[in-house]
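The values are calculated or read from the model by the stated rules, or taken from the named source; none is laboratory data. As the structure is a computational prediction, the values presented were derived from the model and not from experiment. Note that we place each Cβ from the backbone using ideal geometry, even for glycine, and neighbour counts take in every protein chain shown. Protein only, heavy atoms only, side chains kept; ligands, DNA and RNA dropped before computing areas. Shrake-Rupley method; radii C 1.70, N 1.55, O 1.52, S 1.80 Å.
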Amino acid sequence: MKTLFLIAALLTTQTSFAKEATLKYPVEFLFEKVLEKKHQTKKDSIPFPKFYYSSKTPLKQFQDAIEKQWGMRPDLITNAFAVDNNEIYIMDDADYYESHKRCMDDSVVHELVHYVQVKYLNWDLNDESLEWDAVDIQTQFREEYCR
């Protein structure tokens, strides 16, 4: 019985062994780069989004924040901008970024592009072209700053 308890305890804490990714640049710098690419200036009248990282955020919180927007409750935390809550969720699993030859910063840039699209430009996130815009800016950032 003790062995089963120990195995269960190890399995439930398995995620704590994952190496957390960290940002190479401050969020303010990432936001400046997004504003430059979108030809915008910072507007203090628009509240900046709150950031949540997957290793420190309960899944239920993410599900509650994103369910209405996506029409589903995801099984895991992914990179996302929750429009109604003005929150950005970021995966911070270092192995993920290393295996895809990326840095966490480019994911933050991607979600900040969505934030600017919605909050600064009043664009509708249901327009699929907004995703391509975010991917394009994310890719440019990655090639310039994540190497």
Beyond 19 Å, the calculated P(r) of the stretch 27-146 holds a percent of Cα-Cα pairs equal to 46 percent
The simple spin-label model distance between Ile46 and Thr78, using points 7 Å out along Cα→Cβ, in nm, is 2.4 nm
Taking the chain and counting helices only, DSSP H stretches of n ≥ 4 at -39,500 (n - 2.57) each over all residues, the nearest-500 ellipticity at 222 nm comes to -14500 deg cm²/dmol
Check: C-alpha center the stretch 64-104 vs C-alpha center the stretch 122-143, spacing in Å is 15 Å
Lys and Arg at +1, Asp and Glu at -1: neighbours of Asp93 with Cβ under 14 Å from its Cβ sum to -1
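What net charge do the residues around Ser55 carry, taking every other residue with its C-beta under 10 Å from that of Ser55, with Lys and Arg at +1 and Asp and Glu at -1? List each step's numbers first, then the result.
On the way: positive: Lys19, Lys56; negative: Glu20, Asp92, Asp93.
Result for the local shell: -1.
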Result for the chain: accessible area per residue, probe 1.4 angstrom, in square angstrom, of 63 Å²
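Pairs of alpha-carbon atoms within less than 8 angstrom and 6+ residues apart define the contacts here; what relative contact order does the chain have, in percent?
Across the chain, relative contact order equals 25 percent.
If you roll a 1.4 Å probe over the stretch 53-111 with all protein chains in place, what percent of the accessible area is carbon or sulfur? Walk me through the numbers before you get to the answer.
Working: 1510 of 2860 Å².
Answer for the stretch 53-111: carbon and sulfur cover 53 percent of the accessible area.
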Counting only protein heavy atoms and leaving out ligands, DNA and RNA, the solvent-accessible surface of Tyr52 at a 1.4 Å probe, in Å² to the nearest 10, equals 50 Å²
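Please give the net charge around Arg73, taking every other residue with its beta carbon less than 14 angstrom from that of Arg73, where Lys and Arg add +1 and Asp and Glu add -1. The partial results should precede the final answer.
Numbers: positive: Lys60, Lys68; negative: Asp64, Glu67, Asp75.
Summing Lys/Arg as +1 and Asp/Glu as -1 gives -1.
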